[in-house]
1. Could you identify the single residue in 89, 93, 47, 79 that is under 18 Å from the mean Cα position of the chain (by Cα), touching a residue at least 40 places away in the same chain (Cβ under 8 Å) and in the same structural domain as residue 181 (by TED's automatic domain parsing)?
2. What pairs come up if the first residue lies in the range 214-236 and is surrounded by fewer than 17 Cβ atoms within 10 Å (Cβ to Cβ), the second is part of a helix (DSSP H, G or I), and their beta carbons are under 6 Å apart, counting only those six or more places apart or on different chains?
3. Identify, from the list 176, 166, 162, 172, the residue that is surrounded by 14 or more Cβ atoms within 10 Å (Cβ to Cβ) and modelled with pLDDT under 90.
4. Considering (1) out of contact with any helix residue (DSSP H, G or I) (no Cβ under 6 Å at 6 or more places or on another chain); (2) under 18 Å from residue 178 (Cα atoms), say which one residue 32 fails and leave the rest.
5. Does residue 291 satisfy the condition of being in contact with a helix residue (DSSP H, G or I) (Cβ under 8 Å, 6 or more places away or on another chain) and either surrounded by fewer than 19 Cβ atoms within 10 Å (Cβ to Cβ) or in the same structural domain as residue 235 (by TED's automatic domain parsing) (or both)?
6. Kindly establish whether residue 74 is modelled with pLDDT of 75 or more, over 19 Å from residue 190 (Cα atoms) and surrounded by 11 or more Cβ atoms within 10 Å (Cβ to Cβ).
7. Scan the range 26-50 for residues that are buried (at least 17 other Cβ atoms within 10 Å of the Cβ) and closer than 20 Å to residue 217 by Cα and jot them down.
8. It is to be established whether one or more residues within the range 151-158 are under 28 Å from residue 48 (Cα atoms) and either modelled with pLDDT of 60 or more or surrounded by 11 or more Cβ atoms within 10 Å (Cβ to Cβ) (or both).
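The values are calculated or read from the model by the stated rules, or taken from the named source; none is laboratory data. None of these values were measured; they are calculated from a predicted model. All Cβ positions, even for glycine, are placed from backbone atoms using ideal geometry, and neighbour counts span all protein chains on display.
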């Protein structure tokens with residue numbers, strides 16, 4: 001009887017909260033935006049801690065458990081190793097991409113005079129079409145005029161906006177530092193945080209609701225864990241296939257473009273197209289026909305990924321059918337952009353698992 005009364009009270013409170021949110025929706029959204037802006041470094045730090053925790057657990061349970069008997073020392077070393085591992089992965093990706101990108105830019109800059117001469121010749125042959133465009137001989141570069149324009153620029157609103165960009169950059173660096181420090185604190189004291197959260201839940205939540213909430217959180221954690229591992233595995237497979245295919249077709253920048261395609265493939269379904277577009281532009285600077293060949297190859301590879309690799313690697317790892325994986329990406333991307341694409345699949349997988357469990361209970 002007591003539990004039934006408490007359930008009625010919580011239901012009434014939830015209905016009241018829903019009514020107030022719907023009635024004051026605009027104000028609620030404004031306050032939500034302010035709150036998210038304030039806690040954004042902490043929220044991003046929590047996400048970073050969750051990702052680093054996957055690497056940290058591997059070191060802590062499989063490697064360092066044999067070397068360090070003190071839990072605190074083992075935890076700090078595992079945190080340090082997880083940060084180093086993540087930085088090494090980023091450095092490896094950058095080291096494979098930047099030199100090839102620099103080479104491509106050098107080729108592009110070396111071809112600019114040829115393109116410039118062709119454009120000038122075209123303008124000279126068709127003066128009636130481009131009469132409003134000044135000829136190169138009419139262009140004068142006066143150092144004094146350029147300096148005066150620069151002074152006017154920094155004295156105008158554009159200059160102020162430049163300093164605004166600089167201030168935003170400093171703020172971004174500060175937030176990244178706060179995010180990293182918060183993530184380290186969360187990793188170092190995750191057991192304490194879990195214990196305190198459990199104490200609060202035991203005091204303020206009925207046992208039935210508490211056990212249900214714990215089950216939902218465990219399902220979400222399992223879905224996100226499997227999604228991250230599956231997404232990284234799929235990106236690695238796609239990057240290797242892209243490198244091998246480009247080597248077989250004798251296309252330039254094979255390693256760089258393959259790494260870039262694999263890295264951008266961390267964005268589900270459509271992410272690899274971002275790397276492919278950059279790859280097409282780079283190959284075009286060296287051999288336009290090979291750029292068309294690469295376009296055909298990447299389209300075939302993407303179809304192979306979308307139809308075979310992704311649903312089986314990611315979909316199977318999180319227990320979600322392929323059609324629901326695609327639907328989650330489309331709906332999440334339409335509602336919340338890139339964040340919706342990244343969060344849509346694990347959230348849909350968790351909802352699918354909870355619904356399947358509930359259906360099995362009701363059927364039996």
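1. On the way: 89 fails: touching a residue at least 40 places away in the same chain (Cβ under 8 Å); 47 fails: touching a residue at least 40 places away in the same chain (Cβ under 8 Å); 79 fails: under 18 Å from the mean Cα position of the chain (by Cα).
Sole residue among the options that is under 18 Å from the mean Cα position of the chain (by Cα), touching a residue at least 40 places away in the same chain (Cβ under 8 Å) and in the same structural domain as residue 181 (by TED's automatic domain parsing): 93.
2. The qualifying pairs are 233/313.
3. None of the other options fit; the residue is 176.
4. If we test residue 32 against (1) out of contact with any helix residue (DSSP H, G or I) (no Cβ under 6 Å at 6 or more places or on another chain); (2) under 18 Å from residue 178 (Cα atoms), just (2) comes out false.
5. So residue 291 fits the description; yes.
6. Here the answer is no, as residue 74 does not meet what is asked.
7. Matches in the range 26-50: 44, 45, 48, 49, 50.
8. No, there is no match, as no residue in the range 151-158 is under 28 Å from residue 48 (Cα atoms) and either modelled with pLDDT of 60 or more or surrounded by 11 or more Cβ atoms within 10 Å (Cβ to Cβ) (or both).
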